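Comments concern the structure below.
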Amino acid sequence: MYYKSRNDQELADLLKSDDKLAYAEIYNRYHAALYIHAYKRLQLREECKDLVHELFTTLWHKRQEITFKTSLSAYLYTSVRNKIFDLLAKQKLKTSYTESIQSFAETGVVTTDYLARQNQLTALIDQEIANLPERARQIFELSRKKFLSHQEIAKELNLSEQSVKSAVNGALRILRIKFGSMLFLSL
């Protein structure tokens with residue numbers, strides 16, 4: 001079979017049937033572009049290489065479970081974006097932890113009270129989000145927790161972009177009324 005002439009959908013179908021050559025073609029077709037995409041955001045060569053390698057390892061291991069809702073390329077780019085967010089969150093947590101330990105070593109002051117208040121506020125915000133109307137909650141969570149664009153949400157839920165934008169703005173308005181400026185410190 002000539003895999004280079006296959007389109008992404010055909011390669012995805014072959015991948016699901018354990019075709020190693022289809023996997024190799026997907027890798028050859030996308031690994032460089034995904035690396036560049038990640039590097040533009042992170043500017044860390046080794047982390048980007050690891051991130052793309054991990055993505056393709058997961059793709060192979062979960063090949064039969066994965067459903068490509070839009071396209072193979074959209075799935076790959078979204079996966080890279082999510083892995084970047086995960087990496088940045090881990091780095092932020094690591095930095096925060098390191099700074100906390102350093103601060104404690106220097107001053108002897110523990111910041112657990114601040115963290116407890118932050119956790120309480122986050123729980124209250126999550127509770128208010130859960131109280132939103134079902135469709136507004138679903139749209140808001142896709143926007144703020146899964147970091148999907150209004151266009152991506154509209155496509156996934158079969159809505160207009162304006163409906164999505166209105167739902168997100170409405171949810172933010174409700175949360176602003178409930179929490180005021182405290183909301184933006186935790187979101």
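The values are calculated or read from the model by the stated rules, or taken from the named source; none is laboratory data. All values derive from a computational prediction rather than experimental measurement. FYI the Cβ positions are ideal-geometry reconstructions off the backbone, even for glycines, and counts take in every protein chain you see. Keep in mind that these areas ignore ligands, DNA and RNA; they rest on the heavy atoms of the full protein, side chains included. Shrake-Rupley method; radii C 1.70, N 1.55, O 1.52, S 1.80 Å.
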Keeping to segment 60-79, report how many residues are at pLDDT 90 or above, touching a helix residue (DSSP H, G or I) at 6+ places or on another chain (Cβ under 9 Å) and either of a type in the set (Lys, Arg) or at positive phi (or both).
1
Tally, over segment 162-187, of residues that are open to solvent by 90 Å² or more (accessible area, probe 1.4 Å) and either of a type in the set (Phe, Trp, Tyr) or modelled with pLDDT of 90 or more (or both)
3
Just name the residue that is surrounded by the most Cβ atoms within 10 Å (Cβ to Cβ) out of those in segment 62-97 that are hydroxyl-bearing (Ser, Thr, Tyr) and in a loop (DSSP other than H, G, I, E, B).
71
Within segment 129-151, the residues that are in a helix (DSSP H, G or I), modelled with pLDDT of 85 or more and open to solvent by 70 Å² or more (accessible area, probe 1.4 Å) are 134, 135, 151
Please tell me if residue 78 is touching a residue at least 12 places away in the same chain (Cβ under 8 Å) and among the hydroxyl-bearing types (Ser, Thr, Tyr).
no
Out of all the residues in segment 112-128, is one or more open to solvent by less than 30 Å² (accessible area, probe 1.4 Å), touching a helix residue (DSSP H, G or I) at 6+ places or on another chain (Cβ under 9 Å) and outside any helix (DSSP H, G or I)?
no
Members of segment 6-61 found to be hydrophobic (A, V, I, L, M, F, W, C) and open to solvent by 70 Å² or more (accessible area, probe 1.4 Å), listed by number:
21, 36
